[in-house]
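Values quoted throughout were computed directly from the atomic coordinates according to the rules given, and no laboratory measurement underlies them. Model, not experiment: these values are computed from the prediction. Glycine also receives a Cβ, built like all others from the backbone with ideal geometry; neighbour counts cover every protein chain displayed.
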Amino acid sequence: MSKEQMTIRLYPETRRQMDSWLEESNSKNRNEFVEKALRFYMGYLGTENITEYLSDALVATLRGIIADSTNRTNGILFKCAVEQGIMAHTIAAHFRDTLEDRRALRGYVVDEVKRTNGQIRFEDAQDVQRQLPDDTWLE
């Protein structure tokens with residue numbers, strides 16, 4: 001395919017910057033540099049996968065930040081699961097509920113978590129339990 005000649009106007013500073021990047025970009029001349037730059041920019045505009053156009057250092061940094069955040073979140077979730085397990089076993093050791101009671105409680109708690117967006121306080125659970133008759137768990 002043959003190339004078409006066209007004229008572009010650049011500010012002197014832009015031309016100086018381009019000239020200083022010719023070797024770094026492995027461009028033989030200004031035309032090749034401009035061609036590469038335009039293809040890069042058009043690819044950037046036309047893609048949804050921006051990682052192809054970010055520097056490797058930036059992508060590596062972002063991946064590291066995400067990995068660290070994931071590790072911290074996993075650690076917190078593990079600690080919460082351990083605490084929840086301790087609480088569940090402690091409560092289970094003191095009460096001998098039927099399967100129906102546990103199913104009713106699970107349904108109630110699922111609804112409560114949805115209703116409160118997971119913001120359940122121990123004091124609120126105590127208040128609910130105090131309102132129930134002694135021979136009723138949750139109905």
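Once you have the Cα-Cα distance between residue 128 and residue 103, take 0.36 nm times their residue separation minus that, and quote the gain in nm to one decimal.
Roughly 7.3 nm would be gained on extension.
Using only the alpha carbons, work out the radius of gyration and Dmax of the range 95-139 in angstrom.
10.9, 29
Quick one: which of 33-39, 88-94 comes out on top by average Cβ neighbours within 10 Å, and what's the full order, highest first?
In descending order of packing, they fall as 33-39, 88-94.
Within the chain, how many Lys pairs sit with Cα atoms under 28 Å apart, leaving out pairs fewer than 8 places apart on the same chain?
4
Could you tell me what fraction of 2.2 N^0.38 Å the Cα radius of gyration of the chain comes to, as a two-decimal ratio?
Normalised Cα radius of gyration, the chain: 2.21.
Which angle from 0 to 90°, rounded to the nearest 10, does the C-alpha axis of helix 56-94 make with the longest principal axis of the chain?
The helix 56-94 is inclined about 0 degrees to the chain.
Say we join alpha carbon atoms closer than 10 Å with springs in a Gaussian network model of the chain; which of 121, 106, 63 then has the biggest fluctuation?
Top of the fluctuation ranking is 121.
Helix-derived [θ] at 222 nm for the chain: sum -39500 (n - 2.57) over DSSP H runs of at least 4, divide by residue count, nearest 500?
-23000 deg cm²/dmol
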